[in-house]
Amino acid sequence: MSAGTKRQRRPIHENDPATAAALFNDNQPLAHWIANGFRRKALAAHVDMDDVRQAGLVGLWQAAVRFDSSRGFKFCTYATVGIRNTILKHFSEDAKARRLKTCNNEAEHEHALAKPDQSIEPDVPGILDRAIRKLKPRERRIIRQRYGLRRGERRHSGDTMEAIAKRHGVTKQAIDQSLARALRDLRYVLGTTNL
C-alpha cells in the first residue's frame with residue numbers, strides 16, 4: 001500500500017449479523033431511555049411516542065451494524081449518537097411532512113373558494129415572487145441570490161453564502177443572520193397575506 005492511499009475500514013459487524021443482533025438486543029433499553037428523553041418535544045410536536053421509540057430502535061440497529069470495536073469506543077457511546085440523530089431526523093421529516101400537508105390543504109381550500117369550477121393548480125412561482133416583493137430590498141436580494149430565484153422561477157442552484165457575503169461586503173455570519181430574518185419574514189408574508 002502506498003503512502004498516498006488510505007485504507008478503508010469496514011464496520012466490524014458488516015458480515016456478522018449475529019453480533020450486530022446481539023448488540024441490538026442487549027441495548028434496546030438504551031434506545032428506549034434516549035427516546036423517552038424526547039417526550040416533551042414529541043408532545044409539543046404532536047408526534048406519537050411509539051414513533052419516536054421506533055426511530056430510536058432504527059438508530060440503534062444502524063449503529064449495531066456500523067459499529068467498529070477496533071476504534072476503541074464503547075458501543076453505548078457510539079449508539080447514543082446514532083439513536084439521537086435518527087430521532088431528530090424523524091422529528092424534522094415529520095414536521096416537514098405536516099407543514100407541506102397543511103400548506104397544500106390551505107392552498108387547495110383558498111383556491112377552491114376562489115374558483116369553485118376549475119381544477120386546483122396554484123401559481124406557486126407567482127405567489128412566491130409576489131411574497132418576495134413585499135420584503136425589504138436587502139432581504140429580497142439575499143433570498144434571490146441564495147436560492148437562484150428570478151421572477152419566482154429557479155434559474156440556477158443559487159450562490160454560496162461566501163459569494164453573497166463577498167458581494168455585500170460583510171461576513172458569512174451576517175448573511176446567515178440576514179437570510180434567517182428574510183426567511184422568517186417571508187413565512188410571515190406567505191401566511192398573512194392573500195397573494
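Since every read-out is calculated from the coordinates, none of them should be taken as a lab result. It should be emphasised that the depicted structure is a prediction, and the values quoted were computed from it without experimental measurement. As a convention, Cβ positions derive from the backbone with ideal geometry for all residues, glycine included, and neighbour counts pool all protein chains shown.
Go through 134/166; 41/172; 41/166 and tell me which ones have a Cα-Cα distance over 27 Å in this structure. Provide the component values of the computation, followed by the final result.
Details: 134/166 25 Å; 41/172 31 Å; 41/166 38 Å.
Cα-Cα > 27 Å for 41/172; 41/166; rest within.
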**Message:** Give me the percent relative contact order of the range 123-192, please, defined on Cα pairs under 8 angstrom at least 6 residues apart.
**Reply:** 33
**Prompt:** When 61, 33 are ordered from fewest to most other Cβ atoms inside 10 Å of their Cβ, what list results?
**Reply:** 33, 61
**Prompt:** Under a point spin-label approximation (7 Å from Cα along Cα-to-Cβ), what is the residue 22-residue 88 distance to one decimal in nm?
**Reply:** 3.2
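Using only C-alpha atoms and all pairs of different ones, pull out the Kirkwood radius for the range 17-98 in Å with one decimal. Walk me through the numbers on the way to the answer.
Details: mean 1/r = 0.0778 Å⁻¹.
Every distinct Cα pair counted, the radius reaches 12.9 Å.
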**Item:** Base-10 log of normalised Debye intensity for the range 123-192 (one unit scatterer per alpha-carbon) at q = 0.13, 0.21, 0.27 Å⁻¹
**Value:** -0.34, -0.85, -1.25
**Request:** Return the long-range amide H neighbours of residue 67 (sequence gap of 5 or more, or a different chain), with a cut-off of under 5 Å between placed amide H atoms.
**Result:** 13
